[in-house]
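S.K.: Have a look at this one before I ask anything.
What follows draws every value from the coordinates through simple rules; no lab data is involved. Being a predicted model, the structure only gives us computed values, none of them experimental. Please note: Cβ atoms are built from the backbone with ideal geometry, for glycine as well, and neighbour counts cover all protein chains shown.
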Amino acid sequence: NAGVTQTPKFRVLKTGQSMTLLCAQDMNHEYMYWYRQDPGMGLRLIHYSVGEGTTAKGEVPDGYNVSRLKKQNFLLGLESAAPSQTSVYFCASSDRVNYGYTFGSGTRLTVV
Amino acid sequence: KNEVEQSPQNLTAQEGEFITINCSYSVGISALHWLQQHPGGGIVSLFMLSSGKKKHGRLIATINIQEKHSSLHITASHPRDSAVYICAVPPATGTASKLTFGTGTRLQVTL
């Protein structure tokens, strides 16, 4: 199915562990984003990419790293997980002129 | 940064009622997004509009660029419309696709 695919859907980490969230899109979108969603707060942008090989910081980038080695993939890494990173993470993509903003189904991450 | 306010935060309606959700933003924009998120579910884009009105089934979105205000209407509401509705806007300058999101309106439609 066309769209944005996130893996994994659920994960529990211990404090200090590392992990990578994978986002893949098959719509040939230029822009990709990682957001986190916390209760009572709107979606907040962690990092984004405007094209293959590029990344940029968003609103809440601390504690996360990203890579966009291929146009269709955008990886979000947590090097040393902290309980404050417990959240639902959404990947999204859009094309260059801001149409067709598409979200993945989310990854629920718990850090204990 | 564009500030986005939605109202109401929570809304309960009976099946069949006409529903209105409002969104106001602080800085002029090129377009506004309306999104839907079902409980425990992913986020679906409903509309992107830059002027006037758009309609899709029982959903209608309007925007007044001069007043910096948009509304999402649901006609003949149904329990399956129960979800969180989120509006989102791009910044006035910079990367147009970096959206700022409202905190959402939680809608519950009962039988």
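S.K.: State the extension gain, in nm to one decimal, for the chain segment bounded by B:GLU3 and B:GLN66, taking 0.36 nm per residue of separation less the distance between their alpha-carbons.
M.R.: Details: separation 63, 0.36 × 63 = 22.68 nm, distance 1.58 nm.
Full extension of this stretch gives 21.1 nm more.
S.K.: How big is the convex hull of the Cα atoms of the protein assembly as shown, per residue, in Å³?
M.R.: Output value, Cα hull per residue: 119 Å³.
S.K.: For A:VAL111, A:VAL4, what's the fewest-to-most ordering of other Cβ within 10 Å of each Cβ?
M.R.: Taking fewest neighbouring Cβ atoms as first place, the list is A:VAL111, A:VAL4.
S.K.: Assuming R0 = 25 Å, what is the FRET efficiency of A:THR15 and B:THR12, from their Cβ-Cβ distance, to the nearest 0.05?
M.R.: 0.05
S.K.: Still on this structure, please answer the following. Express in nm, to one decimal, how much length is gained between A:LEU69 and A:GLU52 on full extension, taking 0.36 nm for each residue of separation and deducting their alpha carbon distance.
M.R.: The span from A:LEU69 to A:GLU52 would gain 5.5 nm if fully extended.
S.K.: Still on this structure, I have one more. Any idea how far the Cα center of the stretch A:56-80 sits from the one of the stretch B:2-32, in Å?
M.R.: Their Cα centres are 31 Å away from one another.
S.K.: A further question on this structure: Charges only on Cβ, +1 for Lys and Arg, -1 for Asp and Glu: so what's the dipole of the protein assembly as shown about the Cα centre, in debye to the nearest 20? Walk me through the intermediate numbers first.
M.R.: Working: 20 positive and 14 negative charges, 60 e Å.
Computed about the Cα centre, the dipole is about 280 debye.
S.K.: Taking 0.36 nm per residue of separation and subtracting the Cα-Cα distance, what length does fully extending B:THR110 through B:ARG58 add?
M.R.: Numbers: separation 52, 0.36 × 52 = 18.72 nm, distance 1.69 nm.
Going from the current span to full extension adds 17.0 nm.
S.K.: Give the residue list of chymotrypsin sites (Phe, Trp or Tyr not before Pro) in the stretch B:1-66 that are DSSP loop and have at most 13 other beta-carbon atoms within 10 angstrom.
M.R.: Values: sites: B:PHE18, B:TYR25, B:TRP34, B:PHE47; in loops: B:PHE18.
Here the chymotrypsin sites (Phe, Trp or Tyr not before Pro) that fit, given the DSSP loop and packing criteria, are B:PHE18.
S.K.: Would you calculate the separation in nanometres between label points at B:HIS73 and A:VAL88, each defined as 7 Å from the Cα along the Cα-to-beta-carbon direction?
M.R.: 2.9
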